[in-house]
Amino acid sequence: MATIKELIDEHTSLEVECLDRLYLNGYIPSLQTEGGLKGFLIGHRGWSVPSPALLGQMSKDFVERVEAFITENALPVVHFQKYQRKDEVAKKMRRKHPRRGGVVFVGIAQERAHAFKASKRKKTPQGFVDFDYGRQPVFVKHYYFYLDDEEFGEGFIKICTYFPFGLRICLNGHEWAKRQLQKQGIAFESLDNGFWHCQDPQRLQDICHRLGPEEIMKLSATLAETPSLSAQSPRPSGRLRLPPLDLADGAFPNPRL
């Protein structure tokens, strides 16, 4: 009697090693602490008092820019429901609104995040009004920008609308490999998340092995199309944290503060 491995081997049409989903966390190191927050509000934005009302205004301004971006580009919008499978919704929206290059549609969801909250009001020894800040869980609006990138194919950018505006990018190594095969004119048959057949399996494997930090950072061109948090400059230096590649360097072009 054949073993399970033998049965699988008999029906294997193609074997390739490739990164699957990549989740990239974008953040600004200097804005993750109370001291960094106050320094940003006073030193960078030029406000005399680090009031929590200023954070609310920044969130409001960002939401207004996103809504203007959606209107100007006539982008479809989906309001995700609780427990709804976003991947299934995205597949339907991509079929309904096909686009090559850029933002395909925008999703909106209420989700948990960790944001700054002012815990009490006090006066400094000099008599100035001041605030204490701490990071607390909140349930707030998040925007999902679903992309079709020329290099990476399908993916999305998720941005929290509350300070410090946590950001996550989701990419797929298989989709990136498919775009590279198309550019080189190599025929293949794809699965939902992989390959069924390829005209040149060795070339496919070489392409998959090439996927690394340099290729990932090319996503900057598409990121530049999404609305930034502020047009002011200079801005604090951002960072991409890229598991499972264990990378943490590189200037992050968006969002801008």
Any residue on another chain or 5+ positions along whose placed amide H is under 5 Å from the amide H of E154 is listed here as D149
In nanometres, the difference between 0.36 nm per residue of separation and the alpha-carbon distance of H44 and W196 is 49.5 nm
If the chain between T3 and D130 were fully extended at 0.36 nm per residue, the gain over the current Cα-Cα distance would be 38.7 nm
For the stretch 140-189, the dipole about the Cα centre with charges only on Cβ (Lys and Arg +1, Asp and Glu -1), to the nearest 20 debye, works out at 260
Phi-derived 3J(HN,Hα) across the stretch 134-148 with the Karplus relation (6.51, -1.76, 1.60, θ = phi - 60°), rounded Hz, x for Gly and Pro, is x, 8, 9, x, 9, 10, 9, 6, 10, 9, 10, 9, 7, 10, 10
Diffusion coefficient in µm²/s returned for the stretch 24-171 by Stokes-Einstein, Kirkwood Rh over C-alpha pairs, 25 °C and 0.890 mPa s, is 143
If every Lys and Arg gets +1 and every Asp and Glu gets -1 at its Cβ, then about the Cα centre the stretch 24-171 yields a dipole, in debye to the nearest 20, of 540
Charge tally for neighbours of H174 with beta carbon under 12 Å away, counting Lys, Arg as +1 and Asp, Glu as -1, is -2
Which of K91/K178; K91/K158; K92/K218 exceed 20 Å between C-alpha atoms? The answer is K92/K218
Charge dipole of the stretch 27-131 built from unit charges on the beta carbon (Lys, Arg +1; Asp, Glu -1), centred at mean Cα; most positive-end Cα among I28, A113, A53 is A113
Under the Karplus relation with 6.51, -1.76 and 1.60 and θ = phi - 60°, whole-Hz ³J(HN,Hα) for the stretch 194-209, x at Gly and Pro, equal x, 10, 9, 7, 9, 4, 10, x, 5, 5, 4, 5, 4, 4, 4, 5
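Just so you know, all these numbers are worked out from the coordinates, no wet-lab data involved. Given the structure is predicted, the values throughout are model-derived calculations rather than measurements. Every residue, glycine as well, gets a Cβ built from its backbone with ideal geometry; the counts of neighbours run over all protein chains shown.
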